[in-house]
1. Quick one: which residues, 5+ away or cross-chain, put their amide H under 5 Å from the amide H of residue 179? H built at 1.01 Å from N.
2. Sorted by packing (mean other beta-carbon atoms within 10 Å per residue), highest first, where do 116-127, 61-72 land?
3. What shape does the stretch 28-82 have by the C-alpha gyration tensor, where a ≥ b ≥ c are the square roots of the eigenvalues, rounded means a/c under 1.5, and otherwise prolate means a/b greater than b/c and oblate the rest?
Amino acid sequence: MRRDLGDIWADLTDLVLPVECAGCRQRGPAVRRGFCPACADALEALRPAPARPDPAPPDLPPCHALGPYAGELREALLAYKERGRHGLARPLGALLAEVVAVAVGGAARPVLLVPVPDTAAAARARYGDHLARLARHAGARLRAAGWDVRTARPLRALPRPDSVALDSAGRAAAAESAFRARARAGSGPVGGGRVVVVLDDILTTGATLAAVSRTLRGVGMTPNVAAVLAATQKWRQW
């Protein structure tokens, strides 16, 4: 199978540069695609499972997460989002594809992936929409496994405060008015009978996913499930 230039460049970079592992931040020649063997093994050992905040906000769809927001997974997400490690979109997207597969029931089904959009400011700071990148790689991984996958971006994100500085009530208030349908989102059928899966990176209070779900429902695209990479650990049960 023909390898693309991104694969070749990633491998050459690993050989030439002293790459820091995104999971443990150690440097060494054994780092490949962003992770040392030990951290790669730890991430591969994670298994997607249902996750739900307690309390859960109204309109939150059923959620699945790869694992808790801790350890190697937390460090990898921080490296990807906050430290400019854009090359991690490929391995993290592949992990997100596993969550999607479990969330929709394991059998290959027609799926529509809807990533939660970044604000314009966040996209500028991260050199592009970080969830759109993850969705692209997750979709490619699923299609390679025989899935019929499409991606849609029917929403835009409005400016809002950084959620890191907000409590649960503040997150809910900020999320309530954070998204709008794009001008053409409501023109014609959008789901096409596909399983609609909302994608996010981290599930905390669920306010963002609930707000996205309400906005999507307004354009005739009710989410069936949500798939995330990590979930904070205030839960009833994994």
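1. 158
2. Packing proxy ranking, top to bottom: 61-72, 116-127.
3. Judged from the Cα gyration tensor, the stretch 28-82 comes out prolate (a/c at least 1.5, a/b above b/c).
Each value in this text was obtained by applying a stated rule to the coordinates, not by laboratory testing. Computed from a predicted structure; not experimentally measured. Neighbour counts are summed over all protein chains in view; Cβ atoms, including those assigned to glycine, are modelled from backbone coordinates with ideal geometry.
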